[in-house]
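**Student:** I have a structure I would like to understand better, so I am pasting it below and will then ask my questions one at a time.
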Amino acid sequence: MRINPLFLLRFLIILNLMFLIQSHSSQAAISEKRVALVIGNSAYKNTPPLANPRNDATEIGKVLKRVGFDVDVVLDATKTEMDQALRRFGNNLDGSSAVVFFYAGHGIQVDGNNYILPVDTALKNERDLHWDSCDLTTVLKQMEGNNRVNLLFLDACRDNPLSQTLARGMGAARSSSIGRGLAPMKANAGTLISYSTKEGEVAADGQGKHSPFTAALLKHIETPGVEIGLMLRKVREEVISVTKNTQVPWEYGSLLGEFYFTGPVTIQVQPE
């Protein structure tokens, strides 16, 4: 049986393209060090549990591993477990060229500072805020200060009943310092902070397996050849559409140069 040379050429081109896309993540891992910490807190002990952060973190961790990151996934973490994870994260940053911190769960802003909440926090008074939560400014400072890409994804703007408990404990004079959603954060060049919704707004937990923000991330993050700026615009369009304009993802900071999770794929084919 005689094989058509043109058919064979096309078959080899398609096979080559599939191989390049699938192997790009492992090639990236060999050429550079990528580190990620992924935290998803659902099973809160002092407020109704959240349905999706555990699912969100689990799937994001799998994706980041596929695209070449050394990933530490922490689920339903207590304060002690979050502190330990953040310390491991910081110890692993040396020599890295790209770093991701992803958090899904409850967050709160007080006096313009953002805090993410372990599952065992109660927030009965202002002292609890400092001892039983994790300051995002500390996380950011640990990531910055080196010539690398620093990415923070914060799906932490959900409606938070713990803020009402804290407001009662702080009293009328101080409760006004508790803001809605998260506050904007200042970041150095080379750092990008992606919020699931704009500062001062509340994001949806989602009716399906994932929140609208994480679902959009999962849809676009592995697309070959999509630079992160374009990827986040696609995420924003997706979330706005799904939530019917009630949730608008937002970014702060600025990267230097271009960053690709899967990298641009270039295929050169000799003419027939």
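The values are calculated or read from the model by the stated rules, or taken from the named source; none is laboratory data. Treat the numbers as computed from the prediction; the structure is a model and nothing was measured. Quick reminder, even Gly has a Cβ in these numbers, built from the backbone with ideal geometry, and neighbours come from all protein chains shown.
**Student:** Return only the number of the condition from (1) of a type in the set (Phe, Trp, Tyr); (2) modelled with pLDDT under 95; (3) crowded, with 23+ Cβ neighbours inside 10 Å that Tyr103 does not satisfy.
**Tutor:** Failing condition for Tyr103: (2).
**Student:** When you check Tyr103 against the structure, is it closer than 20 Å to Tyr195 by Cα and without any contact (Cβ under 8 Å) to a residue 40 or more places away in the chain, yes or no? I'd like the intermediate steps shown before the answer.
**Tutor:** Values: closer than 20 Å to Tyr195 by Cα: yes; without any contact (Cβ under 8 Å) to a residue 40 or more places away in the chain: no.
So Tyr103 does not fit the description; no.
**Student:** Quick one: is Ala36 surrounded by 13 or more Cβ atoms within 10 Å (Cβ to Cβ), among the aliphatic types (A, V, I, L, M), at pLDDT below 65 and within 28 Å of Asn147 (Cβ to Cβ)?
**Tutor:** Details: surrounded by 13 or more Cβ atoms within 10 Å (Cβ to Cβ): yes; among the aliphatic types (A, V, I, L, M): yes; at pLDDT below 65: no; within 28 Å of Asn147 (Cβ to Cβ): yes.
It is false that Ala36 is surrounded by 13 or more Cβ atoms within 10 Å (Cβ to Cβ), among the aliphatic types (A, V, I, L, M), at pLDDT below 65 and within 28 Å of Asn147 (Cβ to Cβ).
**Student:** Looking at Asp135, Asp83, Asp155, Asp159 in this structure, which one is modelled with pLDDT of 90 or more, of a type outside the set (Lys, Arg), in contact with a strand residue (DSSP E or B) (Cβ under 9 Å, 6 or more places away or on another chain) and over 15 Å from Leu37 (Cα atoms)?
**Tutor:** Values: Asp83 fails: over 15 Å from Leu37 (Cα atoms); Asp155 fails: over 15 Å from Leu37 (Cα atoms); Asp159 fails: modelled with pLDDT of 90 or more.
Just one listed residue meets the conditions, Asp135.
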